[in-house]
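Notes for the one structure printed next.
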Amino acid sequence: MRNGIKRGAILAGLVLVLAGCAGQMRFPVSQEAQDALADQNINVVRITTDNIGQYRTPNYRSNRAKATNPPGNPSPYTYRVGPGDELRVMVWSDPERTQAAGTGGSDTERGIIVNEQGQFFYPFVGAVRASGRSTSQIRADLTDQLRNFISDPQVEVSVLRFNAHQATVTGVVGAPGPVTITNVPQRLLDVLNKAGMTADGDLSNVLVRRKGAAHNVNLKAFIDHGDTRQNPIILPGDVVNVPPMRDNKIFTFGEIATQEIALETDVPVSLTEVLAGVGGIDRIRADSRGIFVFRRTPMTPEGFDVFQFNLHSATALVLATDFKMAPLDIVFVTNDPITRWNDTVGALVTPLTGLLQVRSIVDSN
C-alpha cells in the first residue's frame, strides 16, 4: 500500500510541474528557458542520434527493481512431512492378507498425527522422526526398525491429510490467504487460479518472497508466450503478492488525447506507438518541437528526467520509435507559440469586435 501511495504522489507531482509552467499546460522548448528549470531538479535531455543509445531502453521497471529473478524450481519436487500432518501407516507381514489389509478405508479414516516435535508414535518401535523427511524416508526407517519384530515387513506410508505447510497469497486477488502445500507440486498459476485472478492485478510483476529473498515473476509471459521459468513451483513459506495494475501505466497530456494506457512490461512500447495509439498530436495547436516524456527514476528521486523530441526532423521520428516507455511515464505535447498568441489575442479581440459591431449598428440608425 505504501508503494501505491508513493507512486500516486509522484504522478501528482509530474502533473503539477506541467500545469505550473504557465496558465495553460505548456513546457519551455528553448534551451535558455529550460536552463532556468535546473533549480527545480528538472533535467531536460534532448534526444539525438548521439545519445539515443543511452536512453533507448529504461534501466528500471519499478520500485521492485532490486528484487532478483524468478526462483528456481526444485528438481525433483519432494514433499517433506511436518508437524500437524496426518499419516497413514500400513504394515503387512502375511502375503495372503496383503490385499485384504490394503483395501477398505474411508474419508473419515483417522491417521497418525505428527506432533509438535516432528515425531509420531508407532507400536513396538516407539517415537519415529517424521518432520523434514519424505514418506519414502519414513517408510525405510520404519521398515528397518520393524524387522526386529516382524520378518520381512511390508510397509506403506502416505500423507492422509496435509496440515503442516502453507504458502500465502496477498494483493489483488479474489480470495487472499493461505494455500495448502501438498505432495502434488503447485505452480504459481495454479495457486493464483485458486485465489482468483482479477483484471486489476498486474500479472507481469508478481512478487514471490522466499527465504528472505524477493523474486519478480512475469506470469503473463508464461500465459502469453509459454515461458516456463515464469511459472515456478510454490514452496512452503512462500509469500506471493499480486500488485495493482496502476504501477504499469503511462499517461498522455497536452495537445494530444488525454489517456491512461496500460503498459505490459514483457512487450516494450515505443513513444511512436503511444503517439499513434492516441491519434497523434494536434497538428494545428501542438508545437512539434515540444514532445516530452517525463520520468522519475531511482536515480532522480528528488526531480525528473524530461526527454525532449523535436518532430520537425524526420530523424526524430526514428528516435521516437527507438525510445521505449517505462512505468508511470508521462507523455506531454506542449502547444504552439502561435496558438498561445491566438488564444490570448482572441480572448481580447472577440468581445471587442462584438462591441464594435453593435456600435456600428447604433450609429447607422
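Structure values in brief
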quantity: Residues being more than 45 Å from the chain's Cα centre (by Cα) and in contact (Cβ under 8 Å) with a residue 60 or more places away in the chain - total across the range 140-168; calculated: 3
quantity: Set 190, 200: member being touching a helix residue (DSSP H, G or I) at 6+ places or on another chain (Cβ under 6 Å) and open to solvent by 60 Å² or more (accessible area, probe 1.4 Å); calculated: 200
quantity: Long-range neighbours under 9 Å by Cβ, at least six apart or interchain, first residue open to solvent by 60 Å² or more (accessible area, probe 1.4 Å) and modelled with pLDDT under 85 within the range 62-89, second acidic (Asp, Glu) and outside any loop (DSSP other than H, G, I, E, B); calculated: 63/247
quantity: Pair list, Cβ < 8 Å and 6+ apart or interchain, from the range 124-135 residues that are in contact (Cβ under 8 Å) with a residue 40 or more places away in the chain to residues that are open to solvent by 40 Å² or more (accessible area, probe 1.4 Å) and in a loop (DSSP other than H, G, I, E, B); calculated: 131/80; 131/83; 131/117; 132/80; 133/80; 134/78; 134/80; 135/183
quantity: Residue, most open to solvent (accessible area, probe 1.4 Å), within the range 112-166, restricted to residues that are of a type in the set (A, V, I, L, M) and part of a strand (DSSP E or B); calculated: 113
quantity: Residue that is modelled with the lowest pLDDT [pool: residues in the range 237-296 that are polar (S, T, N, Q) and within 20 Å of residue 44 (Cβ to Cβ)]; calculated: 288
quantity: Counted residues, the range 209-252 - those being buried (at least 17 other Cβ atoms within 10 Å of the Cβ) and among the hydroxyl-bearing types (Ser, Thr, Tyr); calculated: 1
quantity: Whichever residue in the range 43-61 is at pLDDT below 85 and not hydroxyl-bearing (Ser, Thr, Tyr) and, among such residues, is farthest from residue 215 (Cα to Cα); calculated: 58
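The values are calculated or read from the model by the stated rules, or taken from the named source; none is laboratory data. Just so we're clear, the structure is a prediction, and the values are computed from it rather than from any experiment. As a convention, Cβ positions derive from the backbone with ideal geometry for all residues, glycine included, and neighbour counts pool all protein chains shown. Remember, those area values only see protein heavy atoms, side chains included, never the ligands or the DNA or RNA. Shrake-Rupley method; radii C 1.70, N 1.55, O 1.52, S 1.80 Å.
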